[in-house]
Every structure is written in structure tokens, then in C-alpha cells.
Amino acid sequence: MNIQKKKVAFIGCGVMGGALVKAVAKVISPSNIFVCDHNIDKLDKLATEIGVIPVANYTELLSKNVDFLFLASKPQYICEILSDIYKTKTNKIPEVIISIAAGITLKQLHDTEKKYLSENNLQTNTSFVRLMPNTPAQIGEGMIALSINESDKTHQIVTDIKALLEKAGKTEQVSEKLMDAVTAISGSGPAYVYLFIEALADAAVAFGMSRKNAYTFAAQTVKGSAAMVIKTEKHPGLLKDAVCSPGGTTIAAVEALEDFGMRRAIQKGAQAAFEKSFKMSNNS
């Protein structure tokens with residue numbers, strides 16, 4: 001079956017869930033996308049904007065025989081939602097269930113399923129996947145990490161999910177043990193970059209530039225510099241050195257930034273995010 005014929009469901013359509021719904025709707029027909037959320041206004045807005053199908057409850061959602069189910073609710077509700085799905089006592093559980101909740105491990109998802117199956121003497125053929133997208137997915141420039149337990153179906157599932165999310169950005173498969181690192185770097189990373197852009201723009205305003213131009217110059221500089229790293233595949237240090245003329249303005253700026261601990265501050269920030277993610281994953 002080609003990807004355009006797949007049926008996809010979402011439980012939750014907040015900022016990130018809504019971004020993924022819109023991205024998937026650019027790959028498959030919106031009439032094959034079913035969305036469930038307690039916020040009726042959000043559902044109606046998505047249905048009006050892109051033509052996805054709103055559903056009232058989990059029973060109705062599962063009756064659609066979907067191939068992929070995205071769990072896009074808040075982390076504290078994910079396992080409860082999964083339990084409720086199994087409690088519908090349907091034989092139409094999707095073959096692939098994808099969680100985008102930070103801190104919820106594949107083991108927790110499997111354990112939630114296992115508890116219900118053992119209590120009811122049932123079996124399923126479900127594969128669980130963890131995703132860690134980031135907010136630039138809203139404009140098709142996201143960095144999305146994917147983790148899945150290895151099986152004979154893994155390659156096809158990963159291929160299908162990458163195809164579904166093609167319009168959300170770049171998707172890479174990683175070991176689940178790296179998910180806390182992914183959270184600290186790409187999940188939280190946009191906030192670090194926005195902070196840098198804001199600080200650079202503030203400096204520009206102090207030098208007399210208008211606020212609007214300051215944001216344009218700062219943001220485009222970050223965008224272009226990131227593109228240089230990706231397209232040239234050169235070490236960032238080499239690209240930095242190419243800008244730093246001997247005795248020039250840039251090396252003076254770099255020296256000042258190093259003196260004030262910019263490099264270490266970024267690393268410490270990422271470390272704090274990593275430790276918080278690790279704690280969430282192990283205390284959930």
C-alpha cells in the first residue's frame with residue numbers, strides 16, 4: 001500500500017499536534033486524517049482550514065480502521081489515553097501508535113498495552129514509536145527524532161513515518177537512549193536560538209537600527225549561517241575562522257563572547273534541559 005492510501009488519526013491537536021496534522025495533510029488526503037480533541041473549536045478550525053475529519057470519541061476514531069495513530073496530548077495523559085483506547089474493546093487497534101510526548105518511554109507504552117492485554121487474554125500486532133519534533137515543524141523546517149524497538153517491521157514503519165512527515169521537516173531515526181539528548185538539543189534548541197536572535201537584535205537597536213530591521217538582520221544571519229553548516233558540511237569552527245580576519249571586528253567579538261562564557265553558557269543550558277528530560281523519563 002502506498003503512503004497516499006494510509007489512514008492517520010491524531011488524538012490532540014495543540015501547537016505541535018496541529019502542526020503535524022497540517023504537515024501530514026500535505027502528503028495524504030485530508031479525508032484520510034481523523035482528529036480527536038476535547039477542544040471543539042480547534043477541531044472545527046482544522047476541519048475548515050484543511051478538510052480533516054473531526055471525530056467525537058476514541059470509539060468513533062478507531063472505527064475508521066486507521067493505520068497510524070498519533071498521541072499528541074500532554075505527557076501526563078498519554079498512558080491514560082492509551083488505556084482508554086484499549087478499553088474500547090475494539091479489534092481495530094492501529095498497527096502503529098506514535099507518541100510525541102516528552103518523557104514517555106517506549107517501555108511505558110508497551111507496559112500500558114501489556115497490562116490490558118494480559119488482563120483480557122488478548123494479543124495485538126501494534127508497534128510503538130516515539131517522536132520528538134520541534135516547533136519549526138509548524139513551517140516545515142522541523143527537526144524530528146524517531147525511536148522504535150527493532151523488529152521485522154521496523155524498516156517499513158520508519159520509511160512510512162518519514163514519508164508522512166516529509167512536509168514537517170527532517171526526520172532521523174535515533175536510539176531511544178539518545179532521546180533526552182535530542183530533547184536538550186533540537187527539542188529545546190529553538191528557544192536558545194531565539195534568545196540569541198533577540199540579544200543580537202537588541203544590540204542592533206542600541207546601535208541605532210530600527211527594531212524591525214534588527215530582527216530581520218539577526219534572523220537572516222542565523223538562517224544563512226545554519227544553511228552554510230548544512231550545505232557545505234564543513235566544521236562550524238572552520239566556517240567561523242573564515243569570517244575572522246586577523247585583527248578584525250569579528251575576532252574581537254568572538255574573543256569578547258568567549259570571555260563572557262557564551263560557549264559554556266550554551267552547554268550548561270543544554271545540560272539542564274538534558275537532566276530535566278532524563279528525570280521526567282525516569283519518574284513518569
- Filtered residue count, region 222-269, keeping only those that are closer than 22 Å to Ser188 by Cβ and in contact with a Cys (Cβ under 8 Å, 6 or more places away or on another chain): 0
- If only one of Val35, Val66 is within 23 Å of the chain's Cα centre (by Cα), part of a loop (DSSP other than H, G, I, E, B) and closer than 23 Å to Ile161 by Cβ, which one is it? Val66
- Query: Is it the case that Arg211 is exposed (fewer than 14 other Cβ atoms within 10 Å of the Cβ), under 30 Å from Ile104 (Cα atoms) and among the basic types (Lys, Arg)?
  - Reply: no
- Message: Restricting to region 239-264, name every residue that is closer than 21 Å to Val229 by Cβ, of a type in the set (A, V, I, L, M) and over 35 Å from the mean Cα position of the chain (by Cα).
- Response: Ile251
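I'd like the full set of residues that are in contact with an Asp or Glu (Cβ under 8 Å, 6 or more places away or on another chain), in a helix (DSSP H, G or I) and either surrounded by fewer than 20 Cβ atoms within 10 Å (Cβ to Cβ) or hydroxyl-bearing (Ser, Thr, Tyr) (or both), limited to region 79-104.
Once the filter is applied, which keeps residues that are in contact with an Asp or Glu (Cβ under 8 Å, 6 or more places away or on another chain), in a helix (DSSP H, G or I) and either surrounded by fewer than 20 Cβ atoms within 10 Å (Cβ to Cβ) or hydroxyl-bearing (Ser, Thr, Tyr) (or both), region 79-104 yields only Tyr86.
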- Message: Conditions first: (1) assigned to a helix (DSSP H, G or I); (2) of a type outside the set (Gly, Ala, Ser); (3) more than 16 Å from Ser281 (Cα to Cα); (4) within 19 Å of the chain's Cα centre (by Cα). Gln76 passes all but one, so which condition is the exception?
- Response: (3)
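In the list Thr112, Thr59, which residue meets the criterion of being touching a residue at least 12 places away in the same chain (Cβ under 8 Å), within 29 Å of Asn2 (Cα to Cα), out of contact with any strand residue (DSSP E or B) (no Cβ under 7 Å at 6 or more places or on another chain) and assigned to a helix (DSSP H, G or I)?
Exactly one residue qualifies, and that residue is Thr59.
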- Note on the structure: Turns out the helices (runs of 4 or more DSSP H) fully within region 180-279 with at least 2 residues that are on the phi > 0 side of the Ramachandran plot and free of Cβ contacts under 8 Å to residues at least 12 places away in the same chain are none
- How many residues does region 205-249 contain that are under 21 Å from Gly261 (Cα atoms) and either among the aliphatic types (A, V, I, L, M) or at pLDDT below 95 (or both)? 5
- Could you tell me whether Gly169 is within 25 Å of Ala19 (Cα to Cα), assigned by TED's automatic domain parsing to the domain that holds Ala25 and either of a type outside the set (S, T, N, Q) or in contact with a Cys (Cβ under 6 Å, 6 or more places away or on another chain) (or both)? yes
- Query: Does Ile139 fit the bill of being loosely packed, with under 14 Cβ neighbours inside 10 Å, of a type in the set (A, V, I, L, M, F, W, C), under 15 Å from the mean Cα position of the chain (by Cα) and farther than 22 Å from Glu80 by Cβ?
  - Reply: yes
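The values are calculated or read from the model by the stated rules, or taken from the named source; none is laboratory data. Treat the numbers as computed from the prediction; the structure is a model and nothing was measured. Glycine gets a Cβ as well: all are built from the backbone with ideal geometry, and neighbour counts include every protein chain shown.
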